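For reference, the structure is listed below as structure tokens.
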Amino acid sequence: MAIVVQKYGGSSVGTTDKIKKVAETVVKRKKSGDDVVVVVSAMGDTTDDLIGIANEITNNPDKRELDALLSTGEMMSSALLAMAIKALGYDAISYTAYQIGIKTTGQHGKSLIDDIDGENIKKSVSEGKIVIVAGFQGINEEGHITTLGRGGSDTSAVAIAVKLDGMCEIYTDVDGIYGVDPRKYKDAHKLDEIDYEEMLELSSLGAQVMHSRSIELGQKYNIPIYVGLSNSDIRGTVIKGVNSMNMESKPVTGLATSDEDVAITIKDIENDINTVSSLFESVASKRINIDMISQTAPVNGKVNLSFTIPKVDLNECLDIIKPFYSNKGQIAIDEDITKFSVVGIGMKTTSGVASKMFKLLSENNIGVKMITTSEIRITCAIRQEDKIKAINAVAKDFNL
Ligand code: ADP
Ligand code: ASP
Ligand code: MG
């Protein structure tokens, strides 16, 4: 008898009718002979609504209290799903992170799962119960409730599957992973399978379909992650290691875009490696992630230095970099950028991907402001107004 950890996202449990539907699906799986543990997200837009309510109280809510508030969304949906399963005549029990010892470290709002006790889950499963776990939450060293970052229930599910040595299935409102977000490109192709590294890059670069930390965990413990449509038999996508994949890898597997970054330019700073490295060190010390960097050629020993950071970190970053310029006119902030990325492990062995992509962008009169690459990705910063044009051109040519 296998143990399966299923996760249902916010839209899949968005209404009480949808919760009842999920209950039926879960019971069907239990009847087939598997032990089932279910991780749920908050109903529909509950998390956004809770953030809105907190912002009505103050525009800078205390981070501990915000986590205490946001975690209630998942507590509500987990209790409701347990009730719905019991109403079908099957035994079920809902658990919060505290009750099953999901231990976290790190900051409120973006904490990491360190370990899971799991004994209560195992005991309930051995008693024949369907276990429902509130996703997205954990308990830190001080006993405070923390949350794992937006979309974090995926990570709760993978971590529990690791702990129970079970299968992991993520159910959502799309029937698998596509080469491009199907909401942004209607001709996108669904992938049967995708490598952990590729999925990790895509999720970190804006493909919200999976929380990136969940992929890191899956990769670390070599747990295949199935992603599919809730309450449906349509075959989805398996995220797994490249060595166990059947298909020949294409140079480019997927494309992702993100409007969540901002470009900062500091004009006329000393062209001196010590200045630049101490600036980046100061930014890194606040755990602000710099992605793209570019620098102009020196003129009279001075350069213009540009870099991108997440928009949410802008104010903190501006404070930190104050010592590196003398007047406000030296700083330019550009919020109108889209990070446009193509990803594929096939790039390691295929040349010409970058030149093809830049040719496509230039043929479509799309200007590129910054570029960064790794072995398996190429990212460029373009204007937000060019995003759809860029997606259409690149996705079509690379057959994504
Ligand atoms: P859930 O609430 O179930 O966690 P999310 O909204 O977090 O669901 O993720 C599902 C959404 O991710 C889809 O509706 C889809 O628009 C989006 N998405 C982004 N990139 C991709 C992709 N490459 N493949 C499939 N879906 C994607
Ligand atoms: N409810 C949380 C969010 O909206 C967590 C999740 O959906 O995975 O971000
Ligand atoms: Mg999600």
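A few points about this structure:
- The chain - charge dipole about Cα centre, Lys and Arg +1 at Cβ, Asp and Glu -1, debye rounded to 20: 680
- Dimensions of segment 133-225 based on its C-alpha atoms, expressed as ranges along the principal axes with the largest first, amount to 48, 25, 21 Å.
- Dividing the summed helix terms, -39500 (n - 2.57) for each DSSP H run of n ≥ 4, by the number of residues in the chain produces a 222 nm estimate of -10500 deg cm²/dmol to the nearest 500.
- Relative packing of 29-41, 147-159, 55-67, which averages over residues the other C-beta atoms within 10 Å, highest first: 147-159, 29-41, 55-67
- For segment 1-134, radius of gyration divided by Kirkwood radius, i.e. Rg to Rh on alpha-carbons: 1.01
- Using the Cβ of Cys168 as centre and a radius below 15 Å, the other residues enclosed give a net charge of -1, where K and R count +1 and D and E count -1.
- Histogram of C-alpha separations across segment 243-399, 5 Å bin width, %: 2, 8, 17, 18, 17, 13, 12, 8, 3, 1, 0, 0
- Net charge of the neighbourhood of Lys28, taken over other residues with C-beta under 12 Å away and scored Lys/Arg +1, Asp/Glu -1, is +1.
- Counting charges near Lys348 (Lys, Arg +1; Asp, Glu -1) among other residues having Cβ under 13 Å from its Cβ returns a value of -3.
- Around the Cα centre of segment 1-151, unit charges on the Cβ atoms of Lys, Arg, Asp and Glu (plus for the first two, minus for the last two) sum to a dipole of about 700 debye.
- Shape annotation for the chain: C-alpha extents along the principal axes are 78, 48, 33 Å, from largest to smallest.
- Relative contact order, percent, the chain [alpha-carbon distance under 8 Å, six or more residues apart]: 14
- What the Kirkwood sum gives for segment 1-76 is a hydrodynamic radius of 14.0 Å, with every pair of different alpha carbons counted.
- Taking the longest Cα principal axis of the chain as reference, the axis of helix 153-164 is set at about 60 degrees.
- Once the chain from Ser294 to Glu127 is taken as fully extended at 0.36 nm per residue, the excess over their C-alpha distance is 54.2 nm.
- The alpha carbon centroids of segment 349-400 and segment 1-29 are separated by 39 Å.
- For segment 343-398, the fraction of C-alpha pairs more than 12 angstrom apart is 66%.
- Semi-axes of the equivalent ellipsoid for segment 289-366, Cα gyration tensor, largest first, Å: 31, 17, 13
- For segment 249-400, a simple Cβ point-charge model (Lys and Arg +1, Asp and Glu -1, everything else neutral) yields a dipole of about 460 debye relative to the Cα centre.
- Most positive-pole-ward Cα, Val283, Ile139, Ala2, against dipole of the chain from beta carbon charges: Ala2
- Ratio Rg/Rh, restricted to segment 159-285 and using Cα atoms, in which Rh is the Kirkwood radius: 1.11
- With respect to the chain, whose longest principal axis is taken over its alpha-carbon atoms, helix 212-221 is tilted by about 70°.
- In nm, spacing of pseudo-spin labels at Val312 and Ile57 (7 Å Cα→C-beta vector): 1.9
- The chain: angle of helix 16-31 to the longest principal axis, Cα-based, in degrees nearest 10: 70
Rule-based calculations on the coordinates, nothing more; no lab input. What you are looking at is a predicted structure, and each value in this text was computed from that prediction instead of being measured. Reconstructed Cβ throughout: ideal geometry from the backbone, glycine too, with neighbour counts over all protein chains shown.
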